[in-house]
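Bear in mind these aren't lab numbers, they're just calculated from the coordinates by the rules spelled out. Just so it is clear, the model here is predicted, and its values are computed rather than measured. Because the Cβ atoms are built from the backbone with ideal geometry, glycine has one as well, and the counts that use them run over all protein chains shown.
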Amino acid sequence: MPEFDTEKFLNTPIYAFDFKFMIGDVKDFLEFSENNIDLQYQRELQAIAHRKDRDQFPSDYCEHLEGVINHRFRVSLPLRIRYGALLSFITSVEWSVKLLSMNALSPVPEIGNTNHTVKVLKEFSARAQLPAQSTIEEYEALVNVRNCIAHSAGILRTYKFKDTLPVSVARLQGFNLENWHIFGDQVCIERDALNPYIDRMKELVIDLHRTMHEKGLTQP
């Protein structure tokens, strides 16, 4: 077994170190929250069943309570958690990409209405010669979804760019425009749907930081 080289380990750069923690926290938050909702859901159902067994609630009232609990713990709360995770994810990427652009020898200027983070990702992946088109297109679709959530509570009919939203949603696995609530069609995100997009963007952002540095495209 080769001897561990302590000096080499200590001198090896760790690229996008803060971003790794930020994006890891997003995934941990999502997993913890989903699991906690599952736990609370089971407790609520058990409490109703216990009261029903002791004849404290009539049968039809128990069914009503179960319907309320099912909607709260299977629709409303999970959707809010996934919305929050998506916003945190997009914000984390924006922060790290902006930092990379600030440190670049030739930063990408903010021009026009195009999302600047998407523009930087496209430009820098071309400079670094990284095959990232599909991942960036997914991220661009997620940005549109994020904007709808942030500015229109995820509801299609009140979103300023509602004509573009269906195309973005169709680009993403596990994302749909459905009427889960009472508000009409809104962005619906299935459980675990965010994880692969988080993983792919994490890999791309870290690769960009590393490759731009190795190619001498960022400040020392």
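Taken about its Cα centre, the chain carries a charge dipole of about 580 debye when Lys and Arg each add +1 at the Cβ and Asp and Glu each add -1 at the Cβ.
The H on the amide N of residue 178, modeled in the peptide plane, is under 5 Å from the matching H of 186, 188, each at least 5 residues off or on a different chain.
By the count of other C-beta atoms within 10 Å, a proxy for reagent exposure, 139, 197, 61, 41 are ordered fewest to most as 61, 41, 197, 139. Rounded to the nearest 500, the helix-only mean residue ellipticity at 222 nm of the chain stands at -21500 deg cm²/dmol, with each DSSP H run of n ≥ 4 adding -39,500 (n - 2.57). Sorted largest first, the principal axis extents computed over the alpha-carbon atoms of the stretch 101-145 equal 31, 25, 14 Å. Legend: calculated FRET efficiency, residue 158 to residue 134, from the Cβ-Cβ distance at R0 = 25 Å, rounded to 0.05, equals 0.25.
Where in the chain are the helices, taken as whole DSSP H runs, whose Cα atoms extend 30 angstrom or more along the long axis and whose Kyte-Doolittle mean reaches at least 0.5?
77-103
Applying 1/(1 + (r/R0)^6) with R0 = 30 Å to the Cβ-Cβ distance of residue 179 and residue 99 gives a FRET efficiency near 0.15. Close amide-amide hydrogen proximity is noted between residue 158 and no other residue 5 or more places distant or on a separate chain, at a cut-off under 5 Å (H modeled in the peptide plane; Pro and chain starts excluded). Our note on the geometry: Cα centres of the stretch 79-118 and the stretch 145-192, 20 Å apart.
With the simple model of a label 7 Å out from the Cα in the direction of the Cβ, residue 36 to residue 110 spans 3.3 nm. Label sites at residue 214 and residue 190, each approximated as a point 7 angstrom past Cα along Cα to Cβ, lie 3.6 nm apart. So which lysines can residue 20 reach, going by Cα to Cα under 24 Å and dropping same-chain residues fewer than 8 places off? Straight-distance partners of residue 20: 8, 98, 119, 122, 202, 215. Looking at 152, 67, 174, which one has the Cα that reaches farthest to the positive end of the dipole of the chain (charges on Cβ: Lys, Arg +1; Asp, Glu -1)? Checked the options; the winner is 152.
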